[in-house]
Amino acid sequence: MAIHTALRHCLLYSCTVWLLGGAPAAGGAADSLRGSFREVIESLNFKNTDIKDIARLLAQRYRINLMVDDNVNQRLTLNLVNVTVADALQFMVEDNGLRLKRFGDIYKILPPEEPLPPPKIWRISYEDGLLSVDFRNDDVQDALDEIARRSGETILCERDVSGMLRGIITRLPLEEGLGQLLQMNGFQLRKTTGAYQVHPLYPAGGSGPGRENRPLWLEIRGQKVWMEAAAAPLSRVLGELSRRSGVSIVLFGEPKGSVNLRVEDLELDACLELLLLDSGLSYKKSDGIYWVGDKNSPEMRVSRLFRLKHLKAEGIIEMLPQPLTGRSELKIVKSHNALLVNGSADVIGEIEEVLRSLDRPIPQIFFEALVVDYQSSDIRDISLELGTGPGIPGDSSQTSSGDITRWIPGLDVLRRGKDVSNFLSRVGEKIPGVNIGRLPDDFYLRVKALETAGKANIRSRPQIATLNGHTAELKIGETRYFRLVSETPIRDPAQLYVQTSERFQTVEINISLTITPWVSASGEITVEIEPVFNTPGEQVSANLPPNIQSRSLKSTVRLRDGETIVLGGLIQESVSESISRLPLLGRIPLLGRLFQTRNHQKINSELLIYVTPHLFYGDDWLEPD
């Protein structure tokens, strides 16, 4: 009766048991029961009673630690007499297919063990580097593990890779076949050094192919970004970029539009610029946080100072494209030779690209020039001189040793009276009937026939250097001043006055050389050269300035470094002839030539200019990309 009374109280009592995990002790079968489990139950009678209630009653009555798993829900009908507690528990467990397990002094009734599933039969074949598979909703992780085991390749899956694979491949190369299969199921296969990597094509939480979300693959390696996106929402791309990179991206409002791009090995900042290029948005970085918002908003403007290495800051603004200068504030900082830019991040990025292409070392060109005036002279001086007296031309010593005999380069013969007399006596001996008297000793005879040739005259040898595209000018000469007097008549009713005025007239007599070079990308030098040579000519009067003879040319040529070009053709010709003769006798036909001295002078002057450029970039020059 006591047992039935306790049972009624137990059935009316409701409680909840919380199970805490622990390591099971060795043993756990019913044959290990001892102590109170050996006591005898006189009568145990239940009808359609929950096994949890029966176990609770036995635990309280016989002071044993007995618990029932929450997954055990059997209801029992028992009528046992004079059985031990251990036998009763063993019957209850085995008759209902349950298990009794021991944890130290605690016993627990557990549900029956689930049978192990049959081994998975994979329809995978890998032979001679060719893969064949037949997947029908197979788990992607398990399938890739099995392919890795059979092929011997290393296949690594990102943590977001989950889902099922479906598809058939027949004898395709591993990378080709597996890549196509994964792509059709929403994954991306990428080959790295010694391994294959599998990534999802959809952001975390995406709903898979054919749904609202579009394909997106994103990977961060160090500070570089790899990304593929096909019509992926911009807001989701920015969110995934923040999650994968670990940087904070704060959005002002919800970005609109979608993204189509593919980038590899790109810095995070450059990737953001591409993502926001056509969105009307921009970003700025502050304390490691990226703020994304409307590019026209004042909060999104940033300032940056660009120091120029090779160009002069003044004038750099005029070189920038007008669309960029119109969307930013620009200021020249002379003290730093820099340009200060205030604007959105995308505009600053574009200005940086333009300055990078402009601010390059400027070539310096050193010119060596040689100006040579070649004069071709034709001077002939033919004369016959007769006379007497102590002063003999060309004889400064007035002694017999002063006789002149010169045959090279011209004829110049001077003989005294006794020499001529001796010569005439020898002639008279050979020619009968000729008898010429003896000449006085102070008599002289001079025959002169000289011809003089001109030579080259180096007029100038300037050396000058300039920067690419800049004009260099060299000028050497003088300025002459002439006083000019002029008289102006002034008439009044009473008389005529003459007003005299003076003024100074200047005349420039210069040799100048103007050179402007341009260096091409191939290293050729285009040179615009303009030399001017002014020389004074004949001066008619001392009160008038002389005539100025000017020779100039202007030419544009193309040279290489160290190559010489000759510019010429500036020819000037002058001819003069003079005759000195004895009055009356010098005009006698034929015989008069004995009493004449003729001087003929013809000068041809040709100006030639030799120009040689030398190119110098400086020690920090780098060839263009």
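Results, tabulated for the structure shown:
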item: Test: residue in the range 532-541 that is within 21 Å of residue 476 (Cβ to Cβ), modelled with pLDDT under 70 and open to solvent by less than 30 Å² (accessible area, probe 1.4 Å); result: yes
item: Matching residues, the range 273-290, being surrounded by fewer than 19 Cβ atoms within 10 Å (Cβ to Cβ), part of a strand (DSSP E or B) and among the hydrophobic types (A, V, I, L, M, F, W, C); result: 289
item: Qualifying position, being part of a helix (DSSP H, G or I), of a type in the set (D, E, K, R) and at pLDDT below 85, among 373, 346; result: 346
item: Pick from the range 184-217, criterion open to solvent by 60 Å² or more (accessible area, probe 1.4 Å) and on the phi > 0 side of the Ramachandran plot, ranking: modelled with the lowest pLDDT; result: 210
item: Exclusive hit being among the small types (Gly, Ala, Ser) and either more than 21 Å from residue 292 (Cα to Cα) or open to solvent by 70 Å² or more (accessible area, probe 1.4 Å) (or both), set 345, 338; result: 338
item: One residue from 303, 328, 335, 357 being over 30 Å from residue 260 (Cβ atoms), out of contact with any Cys (no Cβ under 6 Å at 6 or more places or on another chain) and without any contact (Cβ under 8 Å) to a residue 24 or more places away in the chain; result: 335
item: Yes/no for residue 613 being at pLDDT 80 or above and surrounded by 16 or more Cβ atoms within 10 Å (Cβ to Cβ); result: yes
item: All positions within the range 475-531 that are assigned to a strand (DSSP E or B), open to solvent by 60 Å² or more (accessible area, probe 1.4 Å), farther than 30 Å from residue 546 by Cα and of a type in the set (Ser, Thr, Tyr); result: 497
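The values are calculated or read from the model by the stated rules, or taken from the named source; none is laboratory data. Bear in mind that the values here come from a model prediction, so they are computed numbers and not experimental data. Virtual Cβ from ideal backbone geometry, glycine too; neighbours counted across all protein chains shown. All accessible areas refer to the heavy atoms of the entire protein, side chains included, with ligands and DNA or RNA removed. Shrake-Rupley method; radii C 1.70, N 1.55, O 1.52, S 1.80 Å.
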